[in-house]
Every structure is written in structure tokens, then in C-alpha cells.
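Quick notes on the structure that follows.
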Amino acid sequence: MSFRKLYESNWFTARYEIKDGKIYSKSINENIISKEEFEKIFRDKITSSGQTTVSPSINPINNENTILSGVGEPGGEITVNILGIEYKTLVASDGKWNVSIPKQQQGTKIIAIQKSKGKIESTEVSVMVLTAQIEKPTINTAYSTEEEVSGTGIPGSAIEVEFLSKKYTTNVNSDSKWKLELDDEILENDIIKAKQKKAGKVDSDYEATTVLAETSEIREKNATIIKIYVPSKEKFQINLPRYDYNRYITKENDLEIDWGDGNKQNKILSEGSNYYLSHQYEPGIYTLKFYGYINMSFNDPSRGTYLFENQWDQTSSMNYTWIKDPKIVYDILQFGRAPLQNFYGTKNILDVPKKKKMKLNFSEGKFETLPNNLLKTYVGTEAPKFINCKELKTLPDDLFKNAPQISEFWSVFFGCTKLQTIPESLFEKNVEANNFGKMFSGCVGLQTIPEGLFKNNSRANTYITFARCTGLTYIPLNILNSIRESNRKGTFFGCTNASNYNSIPAAWKNK
């Protein structure tokens with residue numbers, strides 16, 4: 001439709017080209033009806049008689065697309081208008097059309113009309129340019145009992161994983177791979193979802209995967225393997241407490257033990273909330289393989305002879321587990337999944353695997369020193385216990401450097417009577433440490449303590465940290481300068497052989 005003003009009057013002429021070149025025109029006075037109103041009335045009239053082209057459709061477009069497409073009447077001409085610039089194309093026989101355009105900014109309005117032969121042009125249709133949506137990431141197959149999820153994505157983009165109502169984020173590496181650890185162990189039939197995010201783009205939709213059953217390979221990797229040395233014919237029992245750890249309820253098939261003598265036992269005896277296995281051993285060396293969640297520190301003497309039993313220590317006022325027969329020792333050959341944590345009396349010690357919420361106890365151990373990288377991948381906030389490791393003589397300088405997140409050090413080296421020295425840098429990375437209570441109590445082999453031991457630990461308390469360290473010959477007077485005065489109670493209680501014991505502050509001596 002075109003309009004032409006007649007001279008200086010208020011009249012104008014509306015002209016429509018009808019099929020076969022015929023022109024339909026009408027003059028109206030704009031004081032009576034506006035051009036817009038007239039056009040609508042006139043167009044509706046023409047449309048009702050089948051003379052107007054049907055409006056085309058435009059597919060959604062984003063700021064990265066260079067092809068605009070849609071649907072129209074076959075053979076019809078499409079005119080696209082973007083910021084005053086026109087682009088033309090024809091509708092194909094299948095009713096689809098497309099035209100090349102430059103990339104447009106988000107929010108740009110794109111207009112299109114269609115004109116079929118013998119009909120007037122259609123009304124305008126429009127779309128707004130959207131922000132491009134980033135594609136979904138991939139998620140690698142996940143298996144039960146794992147704690148890591150991984151996949152691929154666009155390098156530099158962020159990945160958001162949703163699992164058990166928790167959200168985790170990580171970035172895609174330059175090799176297009178990503179991975180992250182979850183707080184909770186994943187179990188069969190769990191759903192893991194992940195989406196990809198990048199600045200300037202709309203987040204992707206979620207990709208989802210269902211966790212598959214644990215494979216035999218993963219099961220073997222998760223096994224805990226120990227070698228046990230039995231000096232005489234003994235009947236051992238190992239208790240397997242049943243409880244919910246990270247949603248995982250111990251199941252009978254998780255408790256299979258390979259006794260190392262050609263027999264496997266998975267018939268679980270039960271009593272209350274505990275399960276247990278018993279086996280008669282002849283003297284010799286045996287390899288035991290544990291699956292699932294177990295704790296080796298429990299026992300019941302009424303059922304036979306056991307590796308461990310509990311004892312209340314009057315001197316230290318604490319309950320700890322000790323080896324009943326010191327001739328019975330064992331080596332750790334492979335760490336299993338958490339929370340198998342109490343390795344009382346082990347003859348050796350391995351680097352700790354990376355396990356969420358894992359608490360470890362190596363009390364009563366038979367080793368003389370500790371590996372430098374023992375805690376390299378440890379993620380817990382509570383330091384492992386080495387209570388009554390009476391053969392332990394030295395500590396590596398970087399024992400806790402690889403685990404700066406550790407803040408709880410209560411009783412860690414209590415009763416290590418042969419411990420001779422403490423590295424001055426032992427706690428320098430643990431700036432969040434809040435409790436050194438009882439840490440070196442009863443370490444009678446200590447003769448000196450480095451003055452700068454706690455220089456970075458202003459938040460900690462040192463309650464009876466060195467109590468009864470009777471081998472100390474001198475107490476550094478500046479060792480507690482960084483510790484608040486109210487947190488120094490009884491730090492050196494009972495260290496009566498130190499040459500300056502009588503001159504240290506009373507609060508340091510009194511519990």
C-alpha cells in the first residue's frame with residue numbers, strides 16, 4: 001500500500017496493486033480517519049477476499065547466527081529489514097526460506113514481510129536477536145562408589161554440577177576436559193546433572209546421566225588390603241559396624257573378606273547394629289582383603305582372641321585401643337574407601353588417599369618415621385592420630401604443609417615416647433589451626449622445642465600440649481607469644497625437669 005497527499009489538503013489517496021496489474025485506490029480525508037486505521041480496515045477487506053499474502057514466520061536467531069530462516073508460501077518473496085537494510089530471498093518449494101545476514105547484536109529487531117505473486121504484501125512480523133546459548137557439556141559414565149565426576153566442554157567455560165541438591169563448579173581445561181570431586185559418594189541410579197556457562201552467553205540446558213553399578217575394577221580399587229602376621233593358632237573376629245555413611249548403608253555383599261588361605265567368607269553374623277566375621281587362623285602370614293565399610297578397631301573377647309581391645313588409661317585420662325599381643329602386627333598394602341579409618345598397630349604406613357571426610361587413626365603403629373607425602377592429597381580438617389606410636393622418632397618437615405586445611409590437632413602425637421624432635425615449620429601452613437590440645441603430651445623423649453613452632457597459629461589453644469614431657473631440658477619463653485594468653489592453660493604441665501620450669505608463668509603449669 002502507498003499513500004499520496006493531494007496538494008495541500010487533508011485528503012490522501014491509498015493505492016493497492018491488485019493481481020493482473022490492476023490498481024485499487026481510494027481517497028479519504030485524514031481528519032475523518034487516520035491512515036493507520038484506514039490501512040487496517042482496507043487490508044482486512046482485501047485479506048477476507050484472499051488477496052493478501054500470509055505473513056511469514058521467522059525462526060529464533062541469536063547474536064552468533066549469520067543465517068536467518070523461517071517458513072512462508074512457496075515461491076513468495078521474503079524481504080528482511082534490519083536497521084533499514086533490506087535482504088531478499090525466495091521461499092523454496094518445501095515452504096522454507098533462509099537468507100545470509102551479518103551477525104547482529106542482542107536485542108536488535110529484525111522485520112520480515114512476504115509478497116506472493118498476484119497478492120498484496122503481508123503484514124510485518126518481527127523477532128528480537130537473542131543472546132547465544134552455549135552448548136551442553138558431556139558427562140562421562142559414572143559408576144557407583146566413585147566420588148569424582150568428569151566430562152568435556154568448551155575450554156575456558158565453567159561447569160556447574162548438581163548432585164543431591166548441592167551445586168559444584170569447576171572450569172574446562174585447555175584440553176576440553178573437566179572434573180571435580182563431590183562431597184558425597186555416588187551410588188547406583190543416582191542422577192548427576194551438569195550445565196555449561198560462559199560470559200556473554202546463555203547457560204546451556206542441563207545434561208544428565210544416571211550412575212551405573214560399581215564395576216569389578218572399581219570394587220578391587222576400593223578394597224583395603226592388609227598383610228597380617230599370626231604367631232600362633234588364633235581365632236580372630238573383625239567387626240563390621242552397620243551405619244549410614246554418606247547415604248551408604250552397609251550391605252552384606254560389601255563385607256566379603258578374602259581370608260588369604262583360599263577361602264572367602266561373606267556370611268555375616270549379626271548382633272544389634274553390628275555385623276562380624278570370625279575365622280580360625282593357623283600360625284603364618286595372611287593377606288586379608290576387605291570390601292565396603294568396616295572398622296578394624298572393635299572387638300569382643302567373649303568370641304575369641306582379637307587383635308585389639310579397649311583400655312582406659314588412668315594417666316592420660318583417655319580411652320584408646322591397643323594391640324593385645326604385640327607380636328601380632330600387620331602391613332597396609334592398599335587403602336580402601338572411607339571410612340575404614342582405624343589402622344591401630346600397623347607396621348607400615350602409606351600415603352593417605354584423597355577421601356572426603358576421612359578421619360584416620362594410626363595409633364599404636366610400629367613405624368619409626370612418617371612418609372613426607374603422607375597427607376599430600378588428604379582433604380580432612382582433623383589431623384590423623386598417632387597416639388602411642390612408641391617407635392616413632394622423627395617427623396618430616398612438610399608433614400602438614402600439604403594439608404593447610406587441617407585445624408584440629410587434639411592428641412595427635414600423645415604418648416609417642418621416642419619422638420625426639422619437632423620441626424619448627426611443622427604448622428606454618430595451618431593458619432586456621434584452633435586446637436593443639438594434648439598434642440605432644442607424654443612425649444618423654446623430647447628434649448627441646450623450636451621457639452617458632454606456633455608463630456602462625458594465633459587462633460589456637462595449647463591446653464596441656466606438652467604435658468608430662470619430662471625429657472624437656474628447657475622451655476622456650478617466647479614459644480607462646482602468638483597464642484592468646486587465655487589459651488595457654490597447662491601447656492607445660494608436669495614438665496618438671498626443664499631447667500627453667502619454676503620461672504615460667506603459672507598458667508603454663510596449671511591445668
* **Two-site label geometry, Glu391 and Thr421: point separation in nm, points 7 Å out along Cα→Cβ** => 2.1 nm
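Most exposed first by the Cβ proxy, i.e. fewest other Cβ within 10 Å, how do Met439, Met128 rank?
Working: Met439 23, Met128 12.
Ranking Met439, Met128 by Cβ neighbours within 10 Å, fewest first, gives Met128, Met439.
Pulled fully out, how much extra length does the chain show between Asn81 and Tyr229, if you take 0.36 nm times their separation in residues and subtract their Cα-Cα distance? Please list the in-between numbers first.
On the way: separation 148, 0.36 × 148 = 53.28 nm, distance 8.62 nm.
Gain in length upon complete extension: 44.7 nm.
Please compute the contact order of the stretch 138-210 in relative form: average sequence separation of alpha-carbon pairs under 8 Å and at least six residues apart, divided by the residue count, as a percent. Numbers along the way, then the final one.
Numbers: 155 pairs, mean separation 25.0, N = 73.
Computed over the stretch 138-210, the figure is 34 percent.
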* Structure fact -> The local net charge around Leu130, scoring Lys/Arg +1 and Asp/Glu -1 for residues other than Leu130 whose Cβ lies under 11 Å from its Cβ, equals 0
* Please give the FRET efficiency for Thr123 paired with Arg484, using the beta carbon to beta carbon distance and R0 = 45 Å, rounded to the nearest 0.05. => 0.05
* Report the full-extension gain for the segment Asn502 to Ala213: residue separation times 0.36 nm, less the Cα-Cα distance, to one decimal in nm. => 97.5 nm
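Once you order the gyration tensor axes a ≥ b ≥ c over the Cα atoms, which shape class does the stretch 149-209 get: rounded for a/c under 1.5, otherwise prolate or oblate by comparing a/b with b/c?
Working: a/c = 2.14, a/b = 1.62, b/c = 1.33.
It is prolate, given that a/c is not under 1.5 and a/b is the larger ratio.
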* Asked: Residue by residue through the stretch 117-128, which ³J(HN,Hα) values in whole Hz follow from phi under the Karplus form 6.51 cos²θ - 1.76 cosθ + 1.60 (θ = phi - 60°), with glycine and proline marked x?
  -> 4, x, 10, 6, 5, 6, 6, 6, 10, 8, 9, 9
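Multiply the residue gap between Asn62 and Asn189 by 0.36 nm, knock off their C-alpha separation, and tell me the result in nm, one decimal place. Kindly include the intermediate steps, with their values, before the conclusion.
Working: separation 127, 0.36 × 127 = 45.72 nm, distance 3.68 nm.
Contour length minus Cα-Cα distance gives 42.0 nm.
So which of Lys221/Lys390; Lys103/Lys197; Lys103/Lys136; Lys227/Lys438; Lys96/Lys195; Lys233/Lys385 end up more than 24 Å apart, counting from Cα to Cα?
Pairs exceeding 24 Å: Lys221/Lys390; Lys227/Lys438; Lys96/Lys195; Lys233/Lys385.
Each value in this text was obtained by applying a stated rule to the coordinates, not by laboratory testing. Owing to the predicted nature of the structure, the values given are computational and were not obtained by experimental measurement. Glycine also receives a Cβ, built like all others from the backbone with ideal geometry; neighbour counts cover every protein chain displayed.
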